[in-house]
Structure formats: C-alpha cells, structure tokens
Amino acid sequence: MNAETIYKVWHRETFKAKGTHVREVKDFSKAKSKPTWEYFESFEYFMDRNNGALDLEIYMKALAEYHEGYFNPMLLGTQKSIKIYKNFVKENLAKVENDEVDMKAEILRSIKFIVGFCHENNVASFGEYISHDKYLIPSLLKHYNAGSVSPFFLACIDNFNIILTNFAQDAVDEYVSDFEDWYYRYRIKVRGNKECKKISDNLELIVKKYLKKYK
C-alpha cells in the first residue's frame, strides 16, 4: 500500500460515482505538486496501522458514493469517513442477506482479494491464509469484517465452524459474532448452487492455481 495506489483508487472512484470512467493514473507528478498530496501520504500510514481491517477499494467507493463524486482528500481517515465506510459494508451485507447480489460473483471477488493478499504477504497457500495471524487477529476475520471477503465465501469453506475454534474467542466475538445467525443458511445456498458448489469443492486448488500466476 502506498500513496500512489491510494490516489489512483480515489481518482477512479470519485469519477465512477458520477458515472464517468477514466483512464488509470500512471503519472502522479501533477497530483504530488498539489497541497492535498499530504493527505494521501498520511492515509497510507493510516491504512498500514489498520493492517487489513479496512478495504481500500470499498472504502473509496463508499465515500465517493456518499459524496456523489468528488470529496476532499482531507476527509480520508476521519471518524465520519470511517462511519460512512462501516455503514456501507453493513448495507452490502444486508443486500447479501436479501439475495440482492450475485452469489458466484461475491465468491470470485473474495478469491481475487485473497490471492492478491497472499501474493503481497508471501502467504504460500490457502491453508496458510486461514492460519495467518491466527494467534493475534486472524486475517480472514479482519477481511470479512472489512468487507473484503464475502460471507458467501466463508460459507464455501468446509468445517468453518471448527476452524473458528482455533482462533482466539475474543477475536471471534468481535469480528464474527453473528456467525451462527447466517453461516449454515448461506452454506445451504452455496451447496445448493451447482457453480458455487464446484468452487467450494475446489477452493484450495483454485487459490493455488491463481497464486501460481504470480510466480
């Protein structure tokens, strides 16, 4: 995570919220010459401190949609912005609950995020990802709470209820306190869909396949 990446996502999402698609920013010299650049640099440290508890893509999308396009970079990292982001994640989970999203697309989105995370953090396999930081705050739980990983994806994982028993109880209570309310219900939906069941049955192999592309 760096200030250039943050600016690139901010630039894209602020235009996208207005219905305008722009080319990806590759030259940052103009942006860096403006006084607002310091806010992207400070937000870089903010994201690093949160260590996966916030999803940059979702964060920028939430703020851009809330402000209906452009918003001042000085708002990055404020308490109000964090609240907007968390409400956005909750609203998306409500849409999942009400079957207003594409289940397969949500699972594939999660896999794409996880593969990227594994590559950036030298995590060699899906099994290692499940165990990543499990004695602190497990990365899987942080990513679910941040909206990076869909509950439909968690429902793809065999024996997820048993996996949770290997994590610190306080982390489970904080990040997936609603687990028993939705897991089995989603598990039935995933296993009842032919395409999603196939992904679920081959989850580790799929992650392994995409990780190989980085090598």
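The values are calculated or read from the model by the stated rules, or taken from the named source; none is laboratory data. A quick note: this is a predicted structure, and the numbers were derived from the prediction, not measured. Cβ atoms come from the backbone with ideal geometry, glycine included; neighbour counts cover every protein chain shown.
With respect to Lys8, is the statement that it is assigned to a helix (DSSP H, G or I), over 22 Å from Ser139 (Cβ atoms) and among the basic types (Lys, Arg) true?
Criteria met by Lys8.
Would you mention how many residues in segment 165-195 are more than 20 Å from Ile130 (Cα to Cα) and in a loop (DSSP other than H, G, I, E, B)?
Total satisfying the criteria: 2.
Have a look at Gly19, Gly69 and point out the one that is modelled with pLDDT of 90 or more and over 28 Å from Tyr144 (Cβ atoms).
The conditions single out Gly69.
Is it true that some residue in segment 187-209 is of a type outside the set (Lys, Arg), modelled with pLDDT of 85 or more and closer than 21 Å to Val89 by Cβ?
Yes, the conditions are met somewhere in segment 187-209.
Give the residue, chosen from Ser148, Ser125, Ser131, that is crowded, with 19+ Cβ neighbours inside 10 Å, out of contact with any strand residue (DSSP E or B) (no Cβ under 7 Å at 6 or more places or on another chain) and not assigned by TED's automatic domain parsing to the domain that holds Tyr59.
When all the criteria are applied, what remains is Ser148.
For the structure I just gave you, tell me whether Lys208 is surrounded by 12 or more Cβ atoms within 10 Å (Cβ to Cβ), under 19 Å from Val115 (Cβ atoms) and touching a residue at least 24 places away in the same chain (Cβ under 8 Å).
When the stated conditions are applied, Lys208 passes them.
Can you tell me which residue within segment 67-87, out of those that are of a type in the set (Phe, Trp, Tyr) and within 24 Å of Lys34 (Cα to Cα), is surrounded by the most Cβ atoms within 10 Å (Cβ to Cβ)?
Phe71
What number goes with the only condition from (1) more than 17 Å from the chain's Cα centre (by Cα); (2) surrounded by 15 or more Cβ atoms within 10 Å (Cβ to Cβ); (3) of a type in the set (S, T, N, Q) that Asn159 does not pass?
(2)
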